[in-house]
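Some notes on the structure that comes next.
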Amino acid sequence: MALSKDRLGRFNPDKHMEGRVTDIGPRHYWQFFPPVIQNNYGKWAYHEILEPGVLVHVSETGDKAFTVRCGGMRFMTVDFVRELCDIADRFSDGYVRFTTRNNIEFIVDSLEKVEALKAELAKHTFAIGGSLKFPVGGTGAGVTNIVHTQGFIHCHTAAVDASSMVKALMDGLFEHFTSMDLPAQVRVSMACCLNMCGAVHCSDIALLGYHRKPPAIDHEVLHKICEIPLAIASCPTAAISPAKTEDGLKTVKLKVERCMFCGNCYTMCPALPLADGQGDCVVMMAGGKVSNRISMPTFSKVVIPYLPNNHPLFPEVVEATKQVLNAYAADARKYERIGDWAQRIGWEKFFEKCNLPFTEHLIDDYRLAYDTYRTSTQFKYTEAAWAVTRAAEGEE
């Protein structure tokens, strides 16, 4: 099917409503493609990584599109974006894009422009002699930029701060971002609570902020500011039920053994706070991926149940991450992701090589994994798989 280039109309600054179906939503993405992308749409033959942070896509027509990828951040100041746009105007004809992992990508049509762009990017630092504003890297067999949640800046259920942990982690892993010295790609992710807006369930190394106490109940104000049925319905484990105080005030009660500390109730009712700066912690998981290469997609598994919530530098989290990464770099075969490596040597051996304590409570698998595996081309519909599905009351 041919690409629609004009379905939503093009914006005419002289006639604002001309050709407009609606004034809601972005302009058609075709308008934002660089000419080399427009001219070769649907004709790309292959791509290669020329060096860390630099890729080339080659078209059937012989045209080439070179991409220079830089590490970015989730929150950017207006001044930073202006600086970024200025670079794009001067070196990539005004074209720049952002990836889901907060990378910044410039696309140019020649190697000469790549070298000029890299030289310019190297000049931009946060202070004279300070850290790079636009470090080039994040491709191939290295550490990718970290995908993460919002943390205390935006989210109300966060157990830990995201921005400071990501900054501290990337400082510790920076050499692997700007090089391709690992056996394969290592995707790192971070989520501030177990609702997991960050993709921690399927990353090579995942860090999860975790509440360890059930919510407190403010009986005095709960009935004034909360819709009690909504708070009850929000609990995924049915741990909350209606109750009354000795004074006859409507409130809720909590079955603590059912609570999994997700914070959904706090989303609905501010009188059920559960954040605890001292008690909340960081959980590390490892071995997840969405790729079919070597082995089927797998969920991340818990490898460290508790790391201190020691912000802003999180030294224990950074050290533990480097510990796993170094063991993987030293022992894995080429192209093996962390999960592939752990599966080959055995998870018990994984803990030994990473110098982490192992208990039977770690590396637990999701009980409905067989249902999820049906999305994989490598899933085998065996009778044993169906038996597990039936036992878990899943759908056939």
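The values are calculated or read from the model by the stated rules, or taken from the named source; none is laboratory data. Keep in mind it's a predicted model, so treat the numbers as computed, not measured. Here Cβ is always computed from backbone atoms with ideal geometry, including for glycine, and neighbour counts include all displayed protein chains. Side chains included, ligands, DNA and RNA excluded: accessible areas come from the protein's heavy atoms. Shrake-Rupley method; radii C 1.70, N 1.55, O 1.52, S 1.80 Å.
Scanning segment 169-189 for residues that are within 20 Å of residue 354 (Cα to Cα) and touching a strand residue (DSSP E or B) at 6+ places or on another chain (Cβ under 6 Å) yields 173, 176, 186, 188, 189.
Annotation note: of 342, 329, 286, the sole residue that is surrounded by fewer than 21 Cβ atoms within 10 Å (Cβ to Cβ) and touching a residue at least 24 places away in the same chain (Cβ under 8 Å) is 329. For segment 184-206, filtered to residues that are over 17 Å from residue 326 (Cα atoms) and among the aliphatic types (A, V, I, L, M), the residue that is surrounded by the most Cβ atoms within 10 Å (Cβ to Cβ) is 191.
Restricting attention to segment 291-303, does a residue exist that is open to solvent by less than 30 Å² (accessible area, probe 1.4 Å) and over 28 Å from residue 260 (Cα atoms)? No - not one qualifying residue is present in segment 291-303.
The condition of being open to solvent by less than 20 Å² (accessible area, probe 1.4 Å) and among the charged types (D, E, K, R) holds for only one of 247, 280, that being 280. When residue 310 is tested against the conditions (1) part of a loop (DSSP other than H, G, I, E, B); (2) under 19 Å from residue 201 (Cα atoms), the lone failure is (2). For segment 319-343, the tally of residues that are in contact with a Gly (Cβ under 9 Å, 6 or more places away or on another chain) and over 22 Å from residue 201 (Cβ atoms) stands at 2. Among the residues of segment 111-119, is any outside any helix (DSSP H, G or I) and open to solvent by less than 60 Å² (accessible area, probe 1.4 Å)? Checking segment 111-119: not a single residue is outside any helix (DSSP H, G or I) and open to solvent by less than 60 Å² (accessible area, probe 1.4 Å). Only one of the listed residues (82, 74) is in contact (Cβ under 8 Å) with a residue 24 or more places away in the chain, open to solvent by 60 Å² or more (accessible area, probe 1.4 Å), charged (D, E, K, R) and not in a strand (DSSP E or B). That residue is 74. Scanning segment 22-44 for residues that are among the aromatic types (Phe, Trp, Tyr) and either modelled with pLDDT under 90 or open to solvent by 60 Å² or more (accessible area, probe 1.4 Å) (or both) turns up 29, 30, 32, 41, 44.
For residue 272, indicate whether it is assigned to a loop (DSSP other than H, G, I, E, B), of a type in the set (A, V, I, L, M) and under 19 Å from residue 150 (Cα atoms). So residue 272 does not fit the description; no. Those residues that are more than 24 Å from the chain's Cα centre (by Cα) and in contact (Cβ under 8 Å) with a residue 40 or more places away in the chain, I need them from segment 52-71; list them, please. Those that are more than 24 Å from the chain's Cα centre (by Cα) and in contact (Cβ under 8 Å) with a residue 40 or more places away in the chain: 63, 64, 65, 66. The sole residue among 96, 136, 188, 160 that is without any contact (Cβ under 8 Å) to a residue 60 or more places away in the chain and either more than 21 Å from residue 55 (Cβ to Cβ) or among the aliphatic types (A, V, I, L, M) (or both) is 96.
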